[in-house]
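Below is one structure, written out as structure tokens, with a few remarks after it.
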Amino acid sequence: MRNKLMIAILSATLVLSGCACTNIKEKKDEKMVHNKKEKKEVKQEVANLPEEAETKPIVDSGISTLYTDEELLAYANNHINNFWHVYYCFMAGTFFEGTGDFGDTLITDPNIHSLQDVENVWYQYFSRKYPIPYMDLNTNIYKEVPFWEENGQVYERYRIDGIPYVSFFFDRITQKTDDEVWFAYYCKGPDGSISDTQQQWSFVYKDGQLKYGTIVRNNQ
């Protein structure tokens, strides 16, 4: 009888111990699942966070950032002859091929059919920062209209002018902004003498290139 009682007590103890272990294991497993769920949710929240905006450096595209003064002066002097040629040929109305007498020449260039075509060619060389100067008689040094339309055709004045045995060069930078640089324009005579023309010529930077700007005469 005593043995049966001991066996019953032992069995009950084992059952209770087993239940306790089971409950502890279940609670432990439940806690682990809960922790994993929390970690997953946190990880998901992190994944869903918007990425921080990429910090991009501010790029200064001004002339001073892109070129040194020495480079600008060298560039200007390398292009001075073309600047002079285009500017004064437009002023005198001698830029395009034509046929006829001086002062009344029909433009035969197949790309020129209107004054707008003439203007478009000008802006291939010059910046649109400034209006065209060659049609303005207050600006045009010859005080004559260099181009005109007549009977559906385009004519040019074809005025020949020039200064023999004289060369020009840019001496120094006189002023500079973010998109424009100005140069002092000097003249070298046939005897080697140097004189200040009292003019400033500019180059304008836009869309990755330097174009011709404008001319200011200080003595006018």
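Looking at segment 85-162 only, what percent of DSSP beta bridges run antiparallel? Nearest 5 please. Show your work: numbers first, answer last.
Working: 10 of 10 bridges.
Of all bridge pairs located within segment 85-162, approximately 100 percent are antiparallel.
If ligands, DNA and RNA are left out, what is the accessible area of Thr174 with a 1.4 Å probe, given in Å² to the nearest 10?
Number for this one is 60 Å².
Excluding Phe95 itself, calculate the net charge of residues whose Cβ lies under 14 Å from the Cβ of Phe95, where each Lys or Arg counts +1 and each Asp or Glu counts -1. Could you put the intermediate results ahead of the total?
Numbers: positive: Arg157, Arg159; negative: Glu97, Asp109, Asp117, Glu119, Glu156, Asp161.
Every neighbour counted, the sum reads -4.
Among DSSP bridges having both ends in segment 129-220, what percentage is antiparallel? Round to the nearest 5.
Numbers: 27 of 27 bridges.
Antiparallel bridges make up about 100 percent of those DSSP assigns within segment 129-220.
Just add up the charged neighbours of Ala184: K/R +1, D/E -1, any other residue whose Cβ is under 14 Å from the Cβ of Ala184. List each step's numbers first, then the result.
On the way: positive: Arg172, Lys176, Lys188, Arg217; negative: Asp69, Asp171, Asp196.
Taking every other residue near Ala184 into account, the sum is +1.
Between segment 140-165 and segment 94-133, how far is it from one alpha carbon centroid to the other, in angstrom?
9
Which cross-chain or sequence-distant (5 or more) residues have an amide H under 5 Å from the amide H of Lys206, H modelled 1.01 Å from N in plane?
Lys211
Ranking request for peptides 85-95, 68-78: highest mean number of other beta-carbon atoms within 10 Å first, then the rest in descending order. Could the numbers behind the result be given before it?
Details: 85-95: 19.9, 68-78: 14.1.
Answer by packing, highest mean first, reads 85-95, 68-78.
For Pro146, what is the net charge nearby, where nearby means another residue's Cβ is under 10 Å from its Cβ and Lys, Arg count +1, Asp, Glu -1? All intermediate terms of the calculation are to be shown ahead of the outcome.
Numbers: positive: Arg157, Arg159; negative: Glu144, Glu156.
Charge balance in the 10 Å sphere: 0.
Give a residue-ordered list of calculated ³J(HN,Hα) values for segment 62-78 (Karplus: 6.51 cos²θ - 1.76 cosθ + 1.60, θ = phi - 60°; whole Hz; x for Gly, Pro).
x, 4, 5, 6, 8, 9, 7, 4, 5, 5, 5, 5, 5, 4, 4, 5, 6
Can you give the accessible area of Lys211 in Å² (nearest 10), computed on protein heavy atoms with a 1.4 Å probe?
50
The values are calculated or read from the model by the stated rules, or taken from the named source; none is laboratory data. Everything numeric in this text was worked out from a predicted model, so none of it was measured. Backbone-built Cβ (ideal geometry, glycine too); neighbour counts: all protein chains shown. These area figures cover heavy atoms from the full protein model, side chains too; ligands, DNA and RNA do not enter into them. Shrake-Rupley method; radii C 1.70, N 1.55, O 1.52, S 1.80 Å.
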